[in-house]
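The values are calculated or read from the model by the stated rules, or taken from the named source; none is laboratory data. Quantities reported herein were computed from a predicted structural model and do not represent experimental measurements. Every residue, glycine as well, gets a Cβ built from its backbone with ideal geometry; the counts of neighbours run over all protein chains shown.
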């Protein structure tokens with residue numbers, strides 16, 4: 001669950017604030033919770049209203065081929081449960097087809113310890129298969145987390161997926177012999 005704080009309701013008088021907070025037989029906080037909202041007093045005469053919204057917790061992935069490697073674009077959260085299992089499954093399946101994988105993490109909003117463990121395990125699996133996994137497009141928060149956990153010492157990180165994929169194939173972008 002995620003709180004999304006939207007409008008600020010200015011209570012011009014006690015009766016308006018009470019209209020927002022009161023419901024017969026319920027305490028003000030309980031009334032607000034039962035209606036799917038949270039009300040917080042931000043100061044004299046100001047009530048901040050927010051609705052509880054279901055956050056999209058899924059991990060979405062798409063695949064494309066670049067310079068002889070597979071680029072897996074991840075969007076969402078990499079956390080304990082279906083999300084980390086999905087990442088593990090998709091990457092291991094991709095490793096069966098192509099030894100070189102780039103994880104484009106530009107749209108990853110959150111990663112927990114399970115997600116970090118999955119990344120480390122996938123790196124080891126790729127190495128055992130004679131391939132590799134590189135990371136691309138890390139947001140500043142994800143880069144900090146990977147740095148603190150020392151995972152930046154095992155992964156090569158690039159600003160773009162194309163740059164990362166190009167390092168798997170050193171001949172990518174060079175002229176073919178018939179072009180000399």
Can you tell me which residue in segment 92-115 is surrounded by the most Cβ atoms within 10 Å (Cβ to Cβ), limited to those that are part of a helix (DSSP H, G or I) and in contact with a helix residue (DSSP H, G or I) (Cβ under 9 Å, 6 or more places away or on another chain)?
-> 115
Among the residues of segment 129-172, which ones are in contact (Cβ under 8 Å) with a residue 24 or more places away in the chain, farther than 24 Å from residue 98 by Cβ and out of contact with any strand residue (DSSP E or B) (no Cβ under 9 Å at 6 or more places or on another chain)?
-> 149
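Could you tell me whether residue 159 is assigned by TED's automatic domain parsing to the domain that holds residue 84, more than 20 Å from residue 93 (Cα to Cα), out of contact with any helix residue (DSSP H, G or I) (no Cβ under 9 Å at 6 or more places or on another chain) and modelled with pLDDT of 95 or more? Steps first, answer last, please.
Numbers: assigned by TED's automatic domain parsing to the domain that holds residue 84: yes; more than 20 Å from residue 93 (Cα to Cα): yes; out of contact with any helix residue (DSSP H, G or I) (no Cβ under 9 Å at 6 or more places or on another chain): yes; modelled with pLDDT of 95 or more: yes.
Taking the combined requirement at face value, the residue satisfies it.
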Among (1) within 19 Å of residue 156 (Cα to Cα); (2) more than 16 Å from the chain's Cα centre (by Cα); (3) part of a helix (DSSP H, G or I), which single condition is residue 118 missing?
-> (2)
Is it true that residue 72 is closer than 17 Å to residue 157 by Cα, crowded, with 23+ Cβ neighbours inside 10 Å and in the same structural domain as residue 145 (by TED's automatic domain parsing)?
-> no
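Rundown of residues vs (1) modelled with pLDDT of 50 or more; (2) over 17 Å from residue 136 (Cβ atoms), yes/no style:
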| residue | (1), (2) |
| --- | --- |
| 26 | no, yes |
| 44 | no, yes |
| 71 | yes, no |
| 105 | yes, no |
| 117 | yes, yes |
Given the conditions (1) more than 13 Å from the chain's Cα centre (by Cα); (2) at pLDDT 95 or above; (3) surrounded by 15 or more Cβ atoms within 10 Å (Cβ to Cβ); (4) within 22 Å of residue 164 (Cα to Cα), report the number of the one that residue 66 does not fulfil.
-> (2)
Restricting to segment 85-117, what's the tally of residues that are in contact with a strand residue (DSSP E or B) (Cβ under 7 Å, 6 or more places away or on another chain) and within 20 Å of residue 144 (Cα to Cα)?
-> 10
